1. Can you find, within the range 28-71, the residue that is farthest from residue 127 (Cα to Cα) among those that are in contact (Cβ under 8 Å) with a residue 60 or more places away in the chain and of a type in the set (D, E, K, R)?
2. What's the total number of residues in the range 34-46 that are under 18 Å from residue 57 (Cβ atoms) and crowded, with 24+ Cβ neighbours inside 10 Å?
3. Among the residues of the range 131-184, which ones are more than 23 Å from residue 81 (Cβ to Cβ) and part of a helix (DSSP H, G or I)?
4. Output the qualifying pairs, or none if there are none: Cβ atoms under 9 angstrom, residues six or more apart or on different chains, first residue in the range 145-168 and on the phi > 0 side of the Ramachandran plot, second residue in a strand (DSSP E or B).
5. Tally the residues that are modelled with pLDDT of 90 or more, in a strand (DSSP E or B) and touching a His at 6+ places or on another chain (Cβ under 8 Å), restricting the search to the range 19-68.
6. If you take the residues of the range 100-130 that are assigned to a strand (DSSP E or B) and of a type in the set (D, E, K, R), which of them is modelled with the lowest pLDDT?
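The values are calculated or read from the model by the stated rules, or taken from the named source; none is laboratory data. Bear in mind the structure is a predicted one, so any value in this text is a computation, not a measurement. Please note: Cβ atoms are built from the backbone with ideal geometry, for glycine as well, and neighbour counts cover all protein chains shown.
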Amino acid sequence: PSFGAWDRVESELALFAAERLAGQVAVHAAAIAMHGRVLLVPGPTGVGKSQLCAAAAEAGATILSDEYALVDATTGSVTGWQRRRPDGGVDRLDIARPASPMPLGLVALVKYQPGEVLTIGELVPGKATLGLLANTVCARSRPQESLDAALLITRTCRGVAGTRGEAAEAVRVLLAQLAPSDAA
């Protein structure tokens, strides 16, 4: 069998496992940590999560996952899905690192548009909740737990939405929003 066939089998097994995690809700998302908080970028395949992770790693952030973020349904803290990936394209970089559960700092529903400039705006909690649920792996099989996790997230952190061009620019702006406030 070809590499593509084995990759597909492994991907399906990972999805099967992610759907059945006890006490955790898997969100199809990039999870990027900086300043002790997590930037969560939910989205389907092809919105540019892996490119954002590569740019974030270059900027000094810790990549928890570029595939599944695991949300504790009772605390809202996030860990990453460690999945060993062989080298290949940007979506095959093995840059995710294990980390203890961390609080969320920002949910960013951003989609890659070639040649665009970063354009984001505040996201109301209801739209952030819907964006999270649309990318929650177990939303159909465990709807109550999925909704509880999404609501916990959107009650405790901000959300933004929009389009982005180059990953490096988007990462710079999004990670800056995780920086500690100087007003103490």
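1. Step by step, filter the range 28-71, then rank; the result is 58.
2. 4
3. If the condition is that a residue be more than 23 Å from residue 81 (Cβ to Cβ) and part of a helix (DSSP H, G or I), then 155, 168, 169, 172, 173, 176 are the ones that fit.
4. From residues that are on the phi > 0 side of the Ramachandran plot, the pairs are 162/108; 162/109; 162/110; 162/111; 162/119; 162/120; 162/121.
5. 1
6. 111
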